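This report refers to the structure that appears directly beneath it.
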């Protein structure tokens, strides 16, 4: 086939391409998705703000509500199932995973806080940055108000395996050997002793001597 026969077909394809290109250029420049994307990528414009999760907002709001209302914390604790062990009121709910902490829900807000956080807030306290909810009694399921204390992570770890107290050899009570509380014995670790109704009763009536760190 000669080159003169090819020319008309090539010219026809070229004319068609140019006509389509002109048609695209003549379309109105509305607010298209492509233009919107270019605007979002414009380095001179501030980045679009990410929307917060509605569930996350609700969880945060619920936590703040309980932090500011000890009576609400007590109300929630009173509704939880429990069993008694010594002075400890142990929640019988199951943790989300083996060896984990129990999480609590309220008014449809699922697992918004750990049990020990609610127990601590019920006593009018809260944890500061770098602090832990320390179980004075060693029972992670305990929901007895007063058995949870805000401690540094270091002190929280030191409470493990504390002897707390030993019997006085003179049968006049017990010797408090715990070094993890205040000088007057408050805030010390908790070890159950029969014949006393609570840790407070024990502190007031069972302690004969306090073993100081310098002794």
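The figures follow:
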item	result
Residue in the range 149-172 that is touching a helix residue (DSSP H, G or I) at 6+ places or on another chain (Cβ under 6 Å), in the same structural domain as residue 68 (by TED's automatic domain parsing), closer than 20 Å to residue 68 by Cβ and surrounded by 21 or more Cβ atoms within 10 Å (Cβ to Cβ) present	no
Residues being out of contact with any helix residue (DSSP H, G or I) (no Cβ under 6 Å at 6 or more places or on another chain), closer than 18 Å to residue 178 by Cα and assigned to a strand (DSSP E or B) - total across the range 127-144	1
Residue match in the range 62-69 (condition: at positive phi, part of a loop (DSSP other than H, G, I, E, B) and modelled with pLDDT of 90 or more)	no
Qualifying positions in the range 100-121 - part of a strand (DSSP E or B) and either within 20 Å of residue 153 (Cα to Cα) or out of contact with any strand residue (DSSP E or B) (no Cβ under 9 Å at 6 or more places or on another chain) (or both)	109, 113, 114
Verdict on residue 124 being part of a loop (DSSP other than H, G, I, E, B) and in contact with a helix residue (DSSP H, G or I) (Cβ under 8 Å, 6 or more places away or on another chain)	yes
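The values are calculated or read from the model by the stated rules, or taken from the named source; none is laboratory data. Just so you know, these numbers come straight off a predicted model, no measurement behind them. Neighbour counts run over all protein chains shown; Cβ positions are idealised from the backbone, glycine included.
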